[in-house]
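Taking it in order: structure first as C-alpha cells, then the write-up.
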Amino acid sequence: MKPGPVMNAGTLRFMLAAALCFLMISSQGSGKAAATVPEPEGFRLNQYRSDVPATLKGARTVSSDEAKTLHDAHQTLFIDVLPRPPKPSNLPKGTVWRDMRRDSISGSFWLPNVGYGRLHATVAAYFKAQLARLTGGDRSKAVLFFCLERCWMSWNAAKRALEYGYTNVIWYSEGSDGWTAAGHALERIEPEK
C-alpha cells in the first residue's frame, strides 16, 4: 500500500478549526444559545434585554398557547411591566413631551417600571398598591407577568410578586412579542394610576 499524503501543520490546524466551527454552529440549532441561562439568586440588575432563564422558582411559566388559553378564560390578571420613561422635571419651557405609547395584550394592566432589579420606594409602593387593588387583596389570584421577549423586567416583577406573598404567579417570558408572533392582536393601553 502506498502511504497517503502527509498533512502539514497549517492544513491540520485549518481542518481542526473548521471542524470546531461546524460543531459550534450545529450545536446552536436555530439561532438559540446552546447553554441555558441560570436563575440568579436575587433580581437581575442590568442588561434587561438579554437571554432569560426558562424558569422562575415558585412561579409557573407558560408558552404563548398557554397564555392565550389563560387569557380567553378571563380568570388571570395580565400585568404588563414594560418600562416607560417619566417626563423629566427639568425640561426647558416649551419643550414638547410625548409619553411612550404601548400596544399590549388586550385587557392587560400596564404597571411600568416595576420590573427593575432595584425599585425606588415610591415605585415599590405603587407596585404593591396596584397588585392589591387589581387582585382585590386576594394573593391567591392568578397573576401573569410579561413584557417583551428576552426581557428580564417581567422575570423581576414576577419574582417580586412572589416575595410580596402572591402564590399563583405566572411568568410569560415571550411577552407581547411572542403574543403577536402567535398571531394574536394587541391593543393600545395606558399605565395604571
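Every read-out reported here was derived from the displayed coordinates using simple, explicitly stated rules and does not represent laboratory data. Small disclaimer: the values here were computed from a predicted structure and weren't measured. Because the Cβ atoms are built from the backbone with ideal geometry, glycine has one as well, and the counts that use them run over all protein chains shown.
So the values come out like this:
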quantity: Segment HIS74-VAL123, length gained on full extension (0.36 nm per residue, minus Cα span); calculated: 14.9 nm
quantity: Amide proton proximity set for LEU144, modelled H, under 5 Å, gap of 5+; calculated: LEU77, PHE78, ILE79, ILE170
quantity: Per-residue ³J(HN,Hα) for region 66-83, Karplus 6.51 cos²θ - 1.76 cosθ + 1.60, θ = phi - 60°, Hz, x for Gly and Pro; calculated: 5, 4, 5, 4, 5, 4, 5, 7, 6, 10, 10, 7, 9, 10, 8, 10, 3, x
quantity: Electrostatic dipole magnitude of region 54-191 [Cβ: Lys, Arg +1; Asp, Glu -1; Cα centre; debye, to 20]; calculated: 640
quantity: Dipole of region 59-193, positive end: most advanced residue of PRO86, ALA161, GLY137 [Cβ charges, Cα centre]; calculated: PRO86
